[in-house]
Amino acid sequence: MKVSIGISLLVVTAPIIWSEILYPLYNQQCTDDAGPPFLDDSENFPNGGKYHDTSAAYAVLQPDGQCAPPLKEACSKRDNVKTAYLEGPIDCGDKGWYCRIMPDENWPGKQLGGDLNFGHCNTTDAFDDEGFDQDGHCHGGSKDSTYYWWIRDHFHRQYNGAVRCCCGWFEGSSSQPLYGRRIANGCDYRRLVTEEEDLSKCRDANEDHGMGFDDGCNADLYQDAQLNKPIEEDDGICWEIARFGFTEEEYPQPAPVSFPVGPPVNPPLPEPTDAPTEDPTESPGAAPVAAPVAAPVTAPVAEGEDCSGVKDYNKKKKYGKNDEVKYDNKLYKSKRNKNKNKMPEAKFWALQGICKAASPCDHEADWKSSKKYRKKQQVVFKGALYRAKRNSKNKNPENWGKFWTALEKCVEGEGADCEGEDAWDDSTRYEIEDQVTYEGSLYVAIKAAKNKEPDVWSTKAGKFNKWENLGEC
């Protein structure tokens, strides 16, 4: 590893660069990004360490054993190919990128299954429904520098799986851009956070921008050629990472492997260790030696911990020894005093167990006919939790399966909450979203109405209905 020290005539602290390039060029981490604060990396990972050093992730090289073309320069300048693939910089001509995280039967998906958002353009489901979303999680951006920040965020969100990334976001930006509508029917977007922005006001660069791709697959151009067949892709602009994502276990640095065209090939998983076993100064081309093949052995984690009254982890707060916090639905206890800006996943915290399950609907709002919903928003309707497949308005989740996916019941056996609601009265004029009880059920007005019995005027043809039945009280 080469260490270069910046020299200046000004009386300032000289930056230490722990590789041949200084990257990323500036901080784009927003407040909702997962993982440790980027500005604390030198403290959390001393001597040039990386957040991913002890993870099981590894680069999947080209068939000739070389790095993928968009990462060749990064591989030549980074300390190892794993860092090059997980951090970049990628070279897509600054025309953007998109990555698909797909389930891997040999690597537990952790949180991946909770945010599936695309289908490949080779199935009837994906061609017929741009909201079909069972193939994995897709995310991209129109600027190359956003790749580092998305990888870092989703790694710590535990969207674990096999990753395949390619160059090109908008149409015309590469040989297979996402907007070409040939690869995937939907994809989230990571926006560029500029150097001039106030990061304290940037909540989430993955949301609140309206830039996600949800145009679907182009059936007219590609259905005949691709239906039920592997999608032909340009491996000259794509790269892959296997066993991506954070876990509690630590692993020695795995050797990069080459793959034939297609899904990544997984070598045996090395045994977890308490610390990295490889020399951090090894050259990019050196192949680390894996430990003997063995399955990870972890201590059993208690389930059903009572986390009521325990506050969520706050990276700005200083915790004392034995203080407890909630993080990712788990209970952690601090191992030391003056514990600040150390994520609960790190060595400064002890995992106590998994929090007792609460209703999945506790923090979700009830569906309203007058509100416009965006793809991936969640609502509660008739005691069940739904996620939007696409943008919609006045499409109730129970009757419009094309627009909504039913996730689960809020609480088994629980009916509509009728407490505080007045009984329907034939002399009262009701406005949209007024709620009433009628013959043991709760109804909400979806149109202004007077003297329209809720049980009758909720079962007519859709456009004639005045009321929506929310369920039995």
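Go through segment 439-473 and give me each residue that's aromatic (Phe, Trp, Tyr) and buried (at least 20 other Cβ atoms within 10 Å of the Cβ).
Selection gives Tyr443, Trp467.
Taking segment 176-210, which residues are of a type in the set (D, E, K, R) and over 18 Å from the mean Cα position of the chain (by Cα)?
Arg181, Arg182, Glu195, Glu196, Glu197, Asp198, Lys201
So, in segment 307-337, how many residues would count as being outside any loop (DSSP other than H, G, I, E, B) and β-branched (Val, Ile, Thr)?
The first filter runs over segment 307-337 and keeps only residues outside any loop (DSSP other than H, G, I, E, B), leaving 312, 319, 324-327, 330-334.
So of that shortlist, the ones also β-branched (Val, Ile, Thr) come out as 325.
Summing the residues that are outside any loop (DSSP other than H, G, I, E, B) and β-branched (Val, Ile, Thr) in segment 307-337 gives 1.
Looking only at segment 396-416, how many residues end up being surrounded by 19 or more Cβ atoms within 10 Å (Cβ to Cβ), at pLDDT 80 or above and not polar (S, T, N, Q)?
Final tally of qualifying residues: 3.
Table: residues versus (1) part of a loop (DSSP other than H, G, I, E, B); (2) among the small types (Gly, Ala, Ser); (3) touching a Pro at 6+ places or on another chain (Cβ under 6 Å).
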{"position": "Gln176", "(1), (2), (3)": "yes, no, no"}
{"position": "Val193", "(1), (2), (3)": "yes, no, no"}
{"position": "Ser200", "(1), (2), (3)": "no, yes, no"}
{"position": "Lys229", "(1), (2), (3)": "yes, no, no"}
{"position": "Glu233", "(1), (2), (3)": "yes, no, no"}
{"position": "Arg243", "(1), (2), (3)": "no, no, no"}
{"position": "Glu248", "(1), (2), (3)": "yes, no, no"}
{"position": "Gln253", "(1), (2), (3)": "yes, no, yes"}
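Take Arg152 and decide whether it is buried (at least 21 other Cβ atoms within 10 Å of the Cβ), basic (Lys, Arg) and within 20 Å of Val60 (Cβ to Cβ).
For Arg152, the condition - buried (at least 21 other Cβ atoms within 10 Å of the Cβ), basic (Lys, Arg) and within 20 Å of Val60 (Cβ to Cβ) - is met.
Identify, please: which residue in segment 76-91 is closer than 20 Å to Lys143 by Cα and not hydroxyl-bearing (Ser, Thr, Tyr) and is, among those, farthest from the chain's Cα centre (by Cα)? Lay out the reasoning, then the answer.
Step one: of segment 76-91, the residues closer than 20 Å to Lys143 by Cα are 83-91.
After this cut, where a residue has to be not hydroxyl-bearing (Ser, Thr, Tyr) as well, the list is 84, 86-91.
Values: Ala84: 21, Leu86: 16, Glu87: 17, Gly88: 19, Pro89: 21, Ile90: 20, Asp91: 23 Å.
Among them, the one singled out is Asp91.
Report, by residue number, each residue of segment 419-451 that is modelled with pLDDT of 85 or more, part of a loop (DSSP other than H, G, I, E, B) and more than 23 Å from Gly383 (Cβ to Cβ).
Across segment 419-451, the qualifying residues are Asp425, Asp426, Ser427, Thr428, Glu431, Asn451.
Being under 18 Å from the mean Cα position of the chain (by Cα), within 26 Å of Phe132 (Cα to Cα) and at pLDDT below 95 is the requirement here; does Gly262 meet it?
no
Out of all the residues in segment 167-190, which are touching a helix residue (DSSP H, G or I) at 6+ places or on another chain (Cβ under 7 Å), surrounded by 21 or more Cβ atoms within 10 Å (Cβ to Cβ) and not hydroxyl-bearing (Ser, Thr, Tyr)?
Cys167, Gly168, Trp169, Ala184, Asn185, Cys187, Arg190
Scan segment 119-153 for residues that are assigned to a helix (DSSP H, G or I), under 14 Å from Tyr189 (Cβ atoms) and in contact with a helix residue (DSSP H, G or I) (Cβ under 9 Å, 6 or more places away or on another chain) and jot them down.
Residues satisfying the conditions are Tyr147, Trp149.
Would you call Phe38 aromatic (Phe, Trp, Tyr) and more than 17 Å from the chain's Cα centre (by Cα)?
Spelling it out, Phe38 is indeed aromatic (Phe, Trp, Tyr) and more than 17 Å from the chain's Cα centre (by Cα).
Rundown of residues vs (1) within 30 Å of His209 (Cβ to Cβ); (2) of a type in the set (S, T, N, Q); (3) not assigned by TED's automatic domain parsing to the domain that holds Asn329, yes/no style:
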position	(1), (2), (3)
Lys382	no, no, yes
Leu385	yes, no, yes
Lys395	yes, no, yes
Ala423	no, no, yes
Ile432	yes, no, yes
Thr437	no, yes, yes
Leu442	no, no, yes
Ala448	no, no, yes
Glu453	no, no, yes
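The values are calculated or read from the model by the stated rules, or taken from the named source; none is laboratory data. Keep in mind that what you see is a predicted model, and the values were worked out from it rather than measured. Neighbour counts are summed over all protein chains in view; Cβ atoms, including those assigned to glycine, are modelled from backbone coordinates with ideal geometry.
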